[in-house]
Amino acid sequence: MAESASLASRRARIATTAARAINTPAARDAPEIIAIEHAIIASITPEDKPLTLRWMLPALSPQVRAMMAGMLRANLPPEAMAGIMAILKPHLSGANWRKLTEALDKLPAAA
């Protein structure tokens, strides 16, 4: 399936930002690493965030995935969180989906 020019452009911008971060000297201190992370995050438009989460969250360990999903749930409207979960579910194994939902069930409900 061909992707739109807009989506291809956004992917290229994100890839360029990540490549700049990767192609820098390995001897970085914590503030520099945090600055690189913030630059990558800042380059992601609101329209790109669901696509980014679709690729990022399944790649995380179950514990980190649950932590991030908990932070998202605490800060997003319920409809947005439901959309993220719907995007995520097909990309997790049954066991990992169960781990995520069980971990979220243990967290306090969003305010």
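The values are calculated or read from the model by the stated rules, or taken from the named source; none is laboratory data. None of the values given here were measured: they were computed from a predicted structure. Every residue, glycine among them, receives a Cβ derived from its backbone with ideal geometry; neighbour counts consider all protein chains shown.
Restricting 60, 100, 104 to residues that are under 13 Å from the mean Cα position of the chain (by Cα) and modelled with pLDDT of 90 or more narrows the list to 60.
Conditions tested, residue by residue: (1) among the polar types (S, T, N, Q); (2) outside any helix (DSSP H, G or I); (3) at pLDDT 90 or above.
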| position | (1), (2), (3) |
| --- | --- |
| 1 | no, yes, no |
| 11 | no, no, no |
| 40 | no, no, no |
| 67 | no, no, yes |
| 80 | no, no, yes |
| 88 | no, no, yes |
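Within the range 13-28, restricting attention to residues that are at pLDDT 60 or above and hydrophobic (A, V, I, L, M, F, W, C), the residue that is nearest to residue 44 (Cα to Cα) is 14. When residue 75 is tested against (1) out of contact with any helix residue (DSSP H, G or I) (no Cβ under 7 Å at 6 or more places or on another chain); (2) assigned by TED's automatic domain parsing to the domain that holds residue 6, just one condition goes unmet, and that condition is (2). Restricting 53, 88 to those that are outside the structural domain of residue 6 (by TED's automatic domain parsing), free of Cβ contacts under 8 Å to residues at least 40 places away in the same chain and in contact with a Lys or Arg (Cβ under 9 Å, 6 or more places away or on another chain) reduces the list to 88.
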